[in-house]
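**Student:** Please find one structure pasted underneath; my questions will follow.
Rule-based calculations on the coordinates, nothing more; no lab input. Small disclaimer: the values here were computed from a predicted structure and weren't measured. Methodologically, a virtual Cβ is constructed for each residue, glycine included, from the backbone with ideal geometry; neighbour enumeration extends over all protein chains shown.
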Amino acid sequence: MPLQLRGFRYPLNGSTLEPGQTQLRVENISLSFGGVGALAGVSLEVRQSEILAIIGPNGAGKTSLLNSISGLYRPQRGRIVFYNHGREYELTKLKPHQIAAAGVARSFQNIELFRHMTVLDNLMSGAHVHMRAGLFSSLLYWGPAQREQIEFRDFIEDIIDLLEIPAIRYKKVGALAYGLQKRVELGRALAMRPAILLLDEPMAGMNTEEKEDMARFILDVNEEHGVTIVLIEHDMGVVMDISDRVVVLNFGRKIAEGTPAEVSQNPAVIEAYLGH
Amino acid sequence: MAQEPQTLPQYLRFRARQAPDRVAMRERIYGIWSPITWRELYDYVKHFALGLHVLRLKPEDTVAIIGDNRPEWVIAELAAQSMGSKSVGIYQDSVVAEVQDIVTRSKASFIVAEDQEQVDKIIEMWPQIQGQVHKVIYYDPKGLRNYTEDYLMYFPEVLELGRKFEEENPGFYEAQVERGRADDLAILSTTSGTTARPKLAMLTHRNLLSMAKNLMAVDPLEPDDEYVSFLPLAWIGEQMMCVAAGLYVGFKINFPEAPETVQHDIREIGPQVMFSPPRIWENMVSQVQVKIEDTTRLKRWFYNWAMPIGYAMADTRFRKEEPSLGLRIKYFLARWTVFEPIKDQLGLRHLKRAYTGGAALGPDVFRFFHALGVNLKQIYGQTEISGIAVVHRDGDIKFQTVGLPIPETEIRIDEETGEILMRSPAVMVGYFGDEEATRKAIDEEGWLHSGDAGYLDEDGHLIVIDRAKDVMTLADGTKFSPQFIENKLKFSPYIKEAVVFGGQWPYVTAFINIDFANVGKWAENRLIPYTTYTDLAQKPQVYALIREYVVKANQDLPPAARIRRFLLLHKELDADDAELTRTRKVRRRLIAQRYQELIDALYGDQDTVDVETTITYQDGSTATIRTQLRIERLEEEAEPTAQSAA
């Protein structure tokens, strides 16, 4: 009955919480490299099913914050707590792959895909964190391992449909236009079925049309599937249009937080951006 | 079945009884070809029809359908017809004003819209149509979850309504289908509208089915044959193949996954029959030419060796001569080394035959496909005669003609005007809501006035010159078709569109649209930097490139018809700016009006001309471009010959 199948068949949201509940709490973290401070006592909260934008001038500590959450950096002080599966994960004590398995997915400012693999294989690699079959049974490709592989393959088709990339399914990522690579990277993060999705400048270097497409995909993922999104973005128009809340960083400190309208009226923010 | 089916829904019932478990359609969805059997299709149509009935669809109503080619499109159409109603297809890339115009004029009470993109258009025009339209039914729910408009309904909800109704009223649907008569209206079909806004041709079941029967009498197809439906279902050509011939023969209809995957999907299916307008065939030629340019030297050598052999073979067959043994051996080698691989890449390997229609196809493109061994045939017809009236017979192909009339079809040339007149059971009833236009189109004896100028050759083949209004009389008195010159130009992979002017002017000139992708690639290979389309089109090197092709086209033209001046337009002609029809035909008069200054400049003394145009974006907003265009003259060579001709 193919007619019933149009639309989404698989949920993309990996969170076990209700919308509005606290998904992630950053408590007073500080991070420095040698003597150079990157983050100084930053606290914030991310709620289930919201889009939170982190903005700030260059060097404000935005990417450092995302890297601390995904486990690439380890803050010297403070802690980051992530709630999922009825548990509290202290992310500051976990390794990046454990953080990913807990339900945190991310994309990078500079695309980090497997360039010589196809779009499909890149997406499948994102689903890998959920595969239960061991090395031996996967090698035999029989029974549960085969069934699991087929189910994930089918799930990936939902993402291909969502991101409108069926025409490039079997293309090598390295040969694709930049805007499409960004899309594939988003797809790979979604293939992890995350509880929270961290996007580092998803629209950097795109033209207006590509930006609009990307904004639409981000909104679809959030509105249709309820996936929680934390994004860093420089294009203020995009931030104001799509985010529910905004956190502003400057010199490693949080200087403001609120709805896009509140933040854009905030004198401290205006000063940070105009640089007086 | 005792009685032959009279209507399309009756044909559907016939197929569902005869071969319930046979595949009727396939759609590539989530990367997999998912089949729908005749029984399933019948049930979907039944339930959707009953759902519409519950929602108060009346026989005098119309169901408007807008979207890409999907099973739901056809289901909605057949469901409307089952209830004694009719459908009207709207081109999916139409802007809001166009959609609204057709919804209003067709008096549609339901709109079946594919997805968010189409639903957004309807929501925008809702205040103007809300008194007339009951429900808007969508079938791709992506992005529509949070829409709260109470007139929106999801396709499966309507199916569910129908399923419930069926339980309480078994046999109701069958009785409705039984009541259908051959002379009931089946569809309103929009005409292409090269000269005015599209009209709505009323076509009955008899019209569509007689056309299918007569075409299949000439070119039979089997239920096992495959067909890929990828051109807009609002177009009569697609209605004719996918719906009318599809139900009449029962061949399998395949719907591609997305517009961008069409080429790949055609290749996977390997259809036995294709019908496409010239644009598709021209694109294929450009694609092959560009790929050959980029390939290894060895492959290029093979291609350059094989093509003349292919052309020689095609020309021999056109002349209906026996090819010599030498040619046959060479062609055999060329076929297996070059032609079959190219056809395989294009998905044309299993074709029994392919048609082109909707506009004239240049002879060069025609010869190209015959050289490859593709049995490409011209079709001539128009919306008003259910799409087709004349077709080439296998083995009797002349590329300057469109062939012979199909059975039950008469053709006559009006002695005074030279207009092509046609009469057949496929001629429409008239234009919906426009009796005056109907009277102009169909005379008392039932002849359809096509508006095309043409003549019959010694073998009875029809030759179409052009739209009667466009035919130009040259300085020396001969009649000439601007379209013929345009097609010559468009054979170049670097020329996407051309508009030729002559007739009332002293000599022939042209506007040319470069092919952005191909010229862009050409420029990159030669390290010519450029920014936008406008910038690229005005590069002197690009002018020189296009000039070569204009000179080449001129060689085959009578001196008085040669292009003396041309310019490269700063923007692509676009259907959203109403410069092309939705089937991508040039609206010559509108273009001449809009670019009056450019035409004046082509016939004046300047070397350059300043332009300022307003362009309309997808969302309806507008912007202005200001730039300067160069005028290229070819007078040195054309002048002496033109004088000698005069």
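**Student:** Which is farthest toward the positive dipole end of chain A among A:P260, A:N207, A:V248, measuring Cα position about the Cα centre, with Cβ charges +1 (Lys, Arg) and -1 (Asp, Glu)?
**Tutor:** A:V248
**Student:** Over the whole of B:478-486, what's the average partner chain Cβ count within 10 Å per residue? Rounded to a whole number, please.
**Tutor:** Details: counts 0, 0, 0, 0, 0, 0, 0, 0, 0.
The shielding value for this peptide is 0.
**Student:** Using the Karplus curve 6.51 cos²θ - 1.76 cosθ + 1.60 with θ = phi - 60°, work out ³J(HN,Hα) for each residue of segment B:532-544 in order, rounded to whole Hz, and write x for Gly and Pro.
**Tutor:** 10, 4, 4, 5, 4, 5, 9, 5, x, 5, 5, 4, 5
**Student:** Then there is this: Give me the dipole magnitude in Debye, nearest 20, for segment B:492-635 about the Cα centre, with unit charges on the beta carbon: positive for Lys and Arg, negative for Asp and Glu.
**Tutor:** On the way: 20 positive and 20 negative charges, 96 e Å.
With Lys and Arg at +1 and Asp and Glu at -1, about 460 debye.
**Student:** If every alpha-carbon in segment B:8-272 counts as one equal scatterer, what log10 I(q)/I(0) does Debye give at q = 0.07, 0.08, 0.12, 0.15 1/Å?
**Tutor:** After summing over all Cα pairs, the log10 values are -0.22, -0.29, -0.69, -1.12.
**Student:** Something else about it: I'd like the mean, over residues of B:138-147, of how many other protein chain beta carbons sit within 10 Å of each residue's own Cβ. Don't skip to the answer; put the middle values down first.
**Tutor:** Working: counts 1, 3, 3, 4, 8, 7, 2, 6, 2, 0.
Mean partner shielding for this stretch: 4.
**Student:** With no solvent and one point on each alpha carbon, what is the Debye value of log10 I(q)/I(0) for chain B at q = 0.07, 0.09, 0.10, 0.11 Å⁻¹?
**Tutor:** Each listed q maps to, in turn, -0.47, -0.79, -0.99, -1.19.
**Student:** Which three semi-axes in whole Å describe the equivalent ellipsoid of segment A:1-92, each the square root of 5 times a Cα gyration tensor eigenvalue, listed largest first?
**Tutor:** Details: eigenvalues 215, 49, 26 Å².
For segment A:1-92, the ellipsoid semi-axes come out as 33, 16, 11 Å.
**Student:** For the residues B:W73, A:W142, B:W38, B:W33, what sequence is obtained by ranking on other C-beta atoms within 10 Å, fewest first? Can you show the working numbers first?
**Tutor:** Numbers: B:W73 27, A:W142 11, B:W38 23, B:W33 16.
Going from sparsest to densest Cβ surroundings: A:W142, B:W33, B:W38, B:W73.
**Student:** Based on the Kirkwood radius over alpha-carbon pairs, what is the Stokes-Einstein translational diffusion coefficient of segment A:217-264 at 37 °C with 0.692 mPa s viscosity, in µm²/s?
**Tutor:** Details: Rh = 11.7 Å.
The diffusion coefficient I find is 281 µm²/s.
**Student:** Å³ per residue of the Cα convex hull, for segment B:472-645? Mind dumping the intermediate values first?
**Tutor:** Numbers: hull volume 20.3 nm³, N = 174.
Expressed per residue, the convex hull around the Cα atoms of segment B:472-645 is 117 Å³.
**Student:** Ignoring everything except DSSP H segments at least 4 long, calculate the 222 nm mean residue ellipticity for chain B; use -39,500 (n - 2.57) per segment, divide by total residues, nearest 500.
**Tutor:** Numbers: 23 runs with 250 residues, N = 646.
Result for chain B: -11500 deg cm²/dmol, rounded to the nearest 500.
**Student:** Here's another thing I want to ask about it. Please state, rounded to one decimal and in Å, the Kirkwood hydrodynamic radius that segment A:104-236 gives when every pair of distinct Cα atoms enters the mean of 1/r. Before the final figure, lay out each step's value.
**Tutor:** On the way: mean 1/r = 0.0652 Å⁻¹.
After inverting the mean inverse Cα-Cα distance, the result is 15.3 Å.
**Student:** Also, quick follow-up: Quick one: which residues, 5 or more positions from B:A498 or on another chain, have an amide H under 5 Å from its amide H? H modelled 1.01 Å from N in the peptide plane, none for Pro or chain starts.
**Tutor:** Long-range HN contacts for B:A498: B:N513.
**Student:** Separation between the B:E436 and A:A204 pseudo-spin-labels, each 7 Å from Cα along Cα→Cβ, expressed in nm?
**Tutor:** My value for the distance between the label points is 6.4 nm.
**Student:** I'd like the antiparallel share, as a percent to the nearest 5, of DSSP beta bridges with both residues in chain B. Each step should come with its number before you reach the end.
**Tutor:** Working: 52 of 90 bridges.
Rounded to the nearest five, the antiparallel share is 60 percent.
**Student:** What share of Cα pairs, in percent, lie more than 13 angstrom apart in segment A:139-203? Present the calculation step by step, with values, prior to reporting the outcome.
**Tutor:** Details: 1439 of 2080 pairs.
Result: 69 percent of Cα pairs exceed 13 Å.
**Student:** For each pair in B:K299/B:K343; B:K46/B:K107; A:K182/B:K496; A:K171/B:K490; B:K252/B:K398; B:K343/B:K496, compute the distance between the two Cα atoms and list the pairs where it is over 25 Å. Display every interim value, and only then the final one.
**Tutor:** Working: B:K299/B:K343 15 Å; B:K46/B:K107 23 Å; A:K182/B:K496 31 Å; A:K171/B:K490 31 Å; B:K252/B:K398 30 Å; B:K343/B:K496 23 Å.
From the list (B:K299/B:K343; B:K46/B:K107; A:K182/B:K496; A:K171/B:K490; B:K252/B:K398; B:K343/B:K496), the Cα-Cα distance tops 25 Å for A:K182/B:K496; A:K171/B:K490; B:K252/B:K398.
**Student:** Would you order A:M124, A:M192, A:M117 from fewest to most other beta-carbon atoms within 10 Å of each residue's own beta-carbon? Mind showing how you got there, number by number?
**Tutor:** Numbers: A:M124 19, A:M192 22, A:M117 15.
Fewest to most other Cβ atoms nearby, the residues stand as A:M117, A:M124, A:M192.
**Student:** Restricting things to alpha carbons, tell me how big segment B:201-354 is in terms of Rg and Dmax, in Å.
**Tutor:** My reading of the Cα-based Rg and Dmax gives 18.1, 56 Å.
**Student:** So what's the projected area for segment B:233-277, the Cα convex hull averaged over all directions, in nm²?
**Tutor:** Values: hull surface 13.3 nm².
Mean orientational projected area (segment B:233-277, Cα hull): 3.3 nm².
**Student:** Please name whichever of B:I631, B:T509, B:F484 sits farthest to the positive end of the charge dipole of segment B:472-645, dipole taken about the Cα centre and charges placed at Cβ: Lys and Arg +1, Asp and Glu -1.
**Tutor:** B:F484
**Student:** Please list, in order along segment B:502-511, the HN-Hα scalar couplings obtained from phi with the Karplus expression 6.51 cos²θ - 1.76 cosθ + 1.60 (θ = phi - 60°), rounded to whole Hz, x for Gly and Pro.
**Tutor:** Once θ is set to phi - 60°, the couplings for segment B:502-511 become x, x, 6, 9, x, 8, 8, 9, 8, 9 Hz.
**Student:** Oh, and also: Bin width 10 Å, origin at 0, all Cα-Cα pairs of segment B:1-66: what percent of pairs per bin?
**Tutor:** 19, 38, 34, 9, 0
**Student:** So, how do all the Cα-to-Cα distances of the protein assembly as shown break down into 20 Å bins, in percent, from 0 on up?
**Tutor:** 12, 39, 35, 13, 1
**Student:** Count the DSSP beta bridges whose two residues both fall in segment B:8-272, then state the antiparallel fraction as a percent rounded to the nearest 5.
**Tutor:** Numbers: 11 of 36 bridges.
Once the DSSP bridges in segment B:8-272 are tallied, antiparallel ones form about 30 percent.
**Student:** Next up: If you place +1 on the Cβ of every Lys and Arg, -1 on the Cβ of every Asp and Glu, and leave all else neutral, what size is the dipole of the protein assembly as shown about its Cα centre, to the nearest 20 Debye?
**Tutor:** It comes to approximately 2640 debye.
**Student:** Along the charge dipole of chain B, which of B:P35, B:A212, B:N169 sits closest to the positive end, that is, farthest toward it, with unit charges on the beta carbon of Lys, Arg, Asp and Glu (+1, +1, -1, -1)?
**Tutor:** Of the listed residues, the answer is B:P35.
**Student:** Further question on the same structure: Which of B:H205, A:H85 has the fewest other C-beta atoms within 10 Å, and how do the rest follow up to the most?
**Tutor:** Numbers: B:H205 25, A:H85 13.
In increasing order of surrounding Cβ atoms, one gets A:H85, B:H205.
**Student:** Then there's this: Nearest 10 degrees, 0 to 90: what angle lies between the long axis of helix B:116-129 and the longest principal axis of chain B (Cα atoms)?
**Tutor:** The helix B:116-129 is inclined about 70 degrees to chain B.
**Student:** Taking the Cα centre of chain B as origin, sum charge times position over the Cβ atoms of Lys and Arg (+1) and Asp and Glu (-1), and report the length of that vector in debye to the nearest 20. Present the calculation step by step, with values, prior to reporting the outcome.
**Tutor:** Details: 76 positive and 95 negative charges, 301 e Å.
Roughly 1440 debye, rounded to the nearest 20.
**Student:** Explain nothing, just compute: Karplus ³J(HN,Hα) = 6.51 cos²θ - 1.76 cosθ + 1.60, θ = phi - 60°, for every residue of segment B:381-397 in order, whole Hz, x for Gly and Pro.
**Tutor:** Once rounded to whole Hz, the list reads x, 7, 3, 5, 10, 6, x, 8, 9, 9, 8, 5, 8, 3, x, 10, 10.
**Student:** Only Cα pairs under 8 Å and at least 6 apart count here; give the relative contact order of chain A as a rounded whole percent.
**Tutor:** On the way: 504 pairs, mean separation 77.0, N = 276.
That works out to 28 percent.
**Student:** Return the Rg/Rh ratio of segment A:2-274 with Cα-based radii and a Kirkwood Rh. Present the calculation step by step, with values, prior to reporting the outcome.
**Tutor:** Details: Rg = 18.9 Å, Rh = 19.4 Å.
Reported Rg/Rh, Kirkwood definition of Rh: 0.97.
**Student:** Next question, about the same structure. Along each principal axis of its Cα atoms, how long is segment B:98-170 end to end? Whole angstroms, biggest number first, please.
**Tutor:** Between the extreme Cα coordinates on each principal axis of segment B:98-170 lie 40, 28, 17 Å.
**Student:** If every alpha-carbon in segment B:399-438 counts as one equal scatterer, what log10 I(q)/I(0) does Debye give at q = 0.16, 0.24, 0.29 1/Å?
**Tutor:** Here the Debye-derived log intensity ratios amount to -0.59, -0.96, -1.01.
**Student:** Taking the DSSP beta bridges in the protein assembly as shown as the whole, what percent of them are antiparallel, to the nearest 5? Intermediate values should be presented prior to the final figure.
**Tutor:** Numbers: 75 of 130 bridges.
So the antiparallel bridges amount to about 60 percent of the total.
**Student:** Another question about this same structure. Report the calculated FRET efficiency for A:Q109 and B:K552 (r = Cβ-Cβ distance, R0 = 45 Å), to the nearest 0.05. Numbers along the way, then the final one.
**Tutor:** On the way: r = 50 Å, r/R0 = 1.12.
According to the calculation, E is roughly 0.35.
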